[in-house]
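Single-structure report; data block below.
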Amino acid sequence: MKRFYFFGLAFVLPLFFSCNTKTLEDARLERLSLDSIPQTALEMEVIAEPFEWGDVSTPDLYLAGDSLVALSYFKNAAVLRFYDLTGKDLGKSSIRKLTDRHPLAIDPAYRASFSFLHPNTNIFYEYTVEDGALRLDNFTRMRLYGNSPRQAVRLDADHFAFIGSYKDGLWGIWEESTRELTFTGTYPITYEIVPQALLPYFSGRIAFSGDQLVYVSYQFGYISSYRYKKGKLRKLWEKQVSDFLYRESSLGYTFDEKHKNGFLEVAFAGDHIYTLYNGCDDSAGEEFTNAIVVFTREGRPVARYTLPDMMSYMKFDSKGEYAYATYSKVGSTQVLVRFRLPGI
């Protein structure tokens, strides 16, 4: 159930939930206070200062073995720039053929994989790191009929999932063999009660492991998880950690100064789900710091790691041992850092 509360010109949308035990068929939205999660401050290790992206601007980051891969998208191509975990530039490549290889300075016995959706072309690229080199294993042109998400994952040999528009459904499912596109899943805020300008399409981050999907919202503190089976999704759980606050001004609708931004990243690592939670509002100023919040796969929050500064890009290794991040203070150079994650 959704209700409005009016305080002057501010609109507050707290979401109410059931306290009943949830089942896979009847997952209820649960309100979560971050203050209830055990808190630990993490020490930051500076790996490279300054750390420059070269000609790659506002990249997406991936971990591939002992290398960081920074992606920058152009009209019909993606440039991949590689760094070792000391910040050393290992060069760049634009692998577009299945026969291409790019040598990496890593152990030849290490094997890893990563994939990404090019947001300009809707081509889904799948890469493997093996025998000390990166190769392109497969690419799929997804026919999404006007939809242009920034992130997608492969669910099985014939299905892909991406963040849908809030109007049609939280998730979009595309079947390659039939080219059929369906939408499913719910988002707690809808266009019926929130101005469209405050809910841009395809906003957030997703992760997939085994048969489990997880979504986090950029817009406010919301996270949900679904189970995938044979082309269908079923909601497992969903959590809300902050309210959706907005107000009307002479310039139109805008977020209220007390509205807290949501999650910047999500990943499966080991037996847990790691998120980078922003939680910043306009009153925080430059002294604001964010935090890593860790959940079990069942949605139970188990740890909150406070960070010494505001991180923008963060990636977690597959074992949940380290988190790598880049950040820069106003007027200063960019820094590459890492955090050792305590065992859970």
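The values are calculated or read from the model by the stated rules, or taken from the named source; none is laboratory data. Only a predicted model underlies this, so the values are computations on that prediction, with no experimental measurement involved. Glycine also receives a Cβ, built like all others from the backbone with ideal geometry; neighbour counts cover every protein chain displayed.
Numbers below:
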read-out	value
All positions within region 89-98 that are under 21 Å from Phe51 (Cα atoms) and touching a residue at least 24 places away in the same chain (Cβ under 8 Å)	Asp89, Lys92, Ser93
Number of positions in region 298-320 that are over 17 Å from Arg205 (Cβ atoms), in contact with a strand residue (DSSP E or B) (Cβ under 7 Å, 6 or more places away or on another chain), at pLDDT 85 or above and basic (Lys, Arg)	1
Selected residue (criterion: surrounded by the most Cβ atoms within 10 Å (Cβ to Cβ)) from residues of region 262-288 that are of a type in the set (D, E, K, R) and modelled with pLDDT under 85	Asp281
Residues (assigned to a strand (DSSP E or B) and charged (D, E, K, R)) located in region 250-271	Glu265
Condition check for Arg340: closer than 26 Å to Asp84 by Cα, surrounded by fewer than 19 Cβ atoms within 10 Å (Cβ to Cβ), among the charged types (D, E, K, R) and modelled with pLDDT of 80 or more	yes
Any chance Phe82 is among the aromatic types (Phe, Trp, Tyr), farther than 27 Å from Leu233 by Cα, modelled with pLDDT of 65 or more and not in a loop (DSSP other than H, G, I, E, B)	yes
Selected residue [in a strand (DSSP E or B), under 28 Å from Asn278 (Cα atoms) and modelled with pLDDT under 85] from Arg227, Arg234, Arg247	Arg247
One residue from Leu117, Leu155 being in contact (Cβ under 8 Å) with a residue 60 or more places away in the chain and under 24 Å from Tyr228 (Cα atoms)	Leu155
Residue match in region 103-112 (condition: modelled with pLDDT of 75 or more, more than 27 Å from Ser209 (Cβ to Cβ) and not acidic (Asp, Glu))	yes
Subset tally (residues that are among the basic types (Lys, Arg) and under 27 Å from Glu30 (Cβ atoms)) for region 291-326	3
Of all residues making up region 120-164, the number that are part of a loop (DSSP other than H, G, I, E, B), modelled with pLDDT of 90 or more and over 21 Å from the mean Cα position of the chain (by Cα)	2
